[in-house]
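First up is the structure itself, then whatever we jot down about it.
The values are calculated or read from the model by the stated rules, or taken from the named source; none is laboratory data. Please read these numbers as outputs of a predicted model, since none were measured by experiment. As a convention, Cβ positions derive from the backbone with ideal geometry for all residues, glycine included, and neighbour counts pool all protein chains shown. Ligands, DNA and RNA are excluded from the accessible area calculation, which covers all protein heavy atoms including side chains. Shrake-Rupley method; radii C 1.70, N 1.55, O 1.52, S 1.80 Å.
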Amino acid sequence: MGFYPLVIDLTDRPCLVIGGGTVSERKVLNLLESGARITLVSPVVTRTLADLALASQVVWWRREYREGDLKGMTLVFAATNDPELNARIAVACHQAGILVNVVDNQELCTFNVPAVVRRGDLQIAISTAGKSPALARQLRKQLEAEIGPEYGPWVDFLGEIRPLLKSVWPHDQKRREELLRRLAGDEILFRLVARGKEELAKERVKQCLSLPPV
């Protein structure tokens, strides 16, 4: 059985990171990008994590892990340098029905964190189910070279077009989907948006759809 790929909204959801080293630092920084409410448990943490706690971006419990720390958490990262402690945390999460990622122990994980290419709201996730994070990172670099920052505004533009099509053809979903596929592949539109000429791009959309100007 493989992992089910899922994009989850963690905005304002409580997440727990146990451990204060460089691995925990990466987990915390990624969680911050998602808008999660982060609690960090460790007697000692990296300078970056300490600065984040000082800036009130994370809550730092400056002590060893306790079982009650899991209560109310959406997901947990067990990233201490003690494999036995990580295993105990994982078992407790399994029993409580909490998603858990255990550093360097794939068998105990109920979720993995993929390598991600981010271009605004466009996210491309690459996972090897924990078998080769190095390969996932290599593929991410290749995709980052091929898919530039212009794809962020492009996704935003296509998102703005959807309500327009829905207002024109509210009851014809099949037609809307076909038009959206055509527009997503329109190279001229893409180049206009990439150069910041969104108004011209919108006019082209109306021309393509035979819509009157607004």
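Please go through the range 143-184 and pick out each residue that is surrounded by 12 or more Cβ atoms within 10 Å (Cβ to Cβ), farther than 20 Å from GLU198 by Cα and either polar (S, T, N, Q) or within 19 Å of the chain's Cα centre (by Cα) (or both). Those that are surrounded by 12 or more Cβ atoms within 10 Å (Cβ to Cβ), farther than 20 Å from GLU198 by Cα and either polar (S, T, N, Q) or within 19 Å of the chain's Cα centre (by Cα) (or both): LEU143, GLU144. Among the residues of the range 189-204, those that are of a type in the set (A, V, I, L, M) and closer than 14 Å to GLU150 by Cβ comprise LEU189, LEU192, VAL193, ALA194, ALA201. Reported count of residues in the range 111-139, each being under 15 Å from ILE8 (Cβ atoms), among the hydroxyl-bearing types (Ser, Thr, Tyr) and open to solvent by less than 60 Å² (accessible area, probe 1.4 Å), is 0. Selection over the range 66-95 of residues that are open to solvent by 70 Å² or more (accessible area, probe 1.4 Å) and either in contact with a Ser or Thr (Cβ under 6 Å, 6 or more places away or on another chain) or closer than 15 Å to VAL17 by Cβ (or both) gives a count of 2. Here ARG204 clears all of (1) open to solvent by 90 Å² or more (accessible area, probe 1.4 Å); (2) out of contact with any Cys (no Cβ under 9 Å at 6 or more places or on another chain); (3) over 30 Å from SER34 (Cβ atoms) except the condition numbered (1).
Any idea which residue in the range 14-41 is most open to solvent (accessible area, probe 1.4 Å), counting only those that are part of a loop (DSSP other than H, G, I, E, B) and either among the acidic types (Asp, Glu) or out of contact with any Leu (no Cβ under 8 Å at 6 or more places or on another chain) (or both)?
Keep residues of the range 14-41 that are part of a loop (DSSP other than H, G, I, E, B), which gives 19-21, 35-36.
Next, only the ones that are either among the acidic types (Asp, Glu) or out of contact with any Leu (no Cβ under 8 Å at 6 or more places or on another chain) (or both) stay: 19, 21.
Working: GLY19: 5, GLY21: 33 Å².
Ranking the candidates gives GLY21 first.
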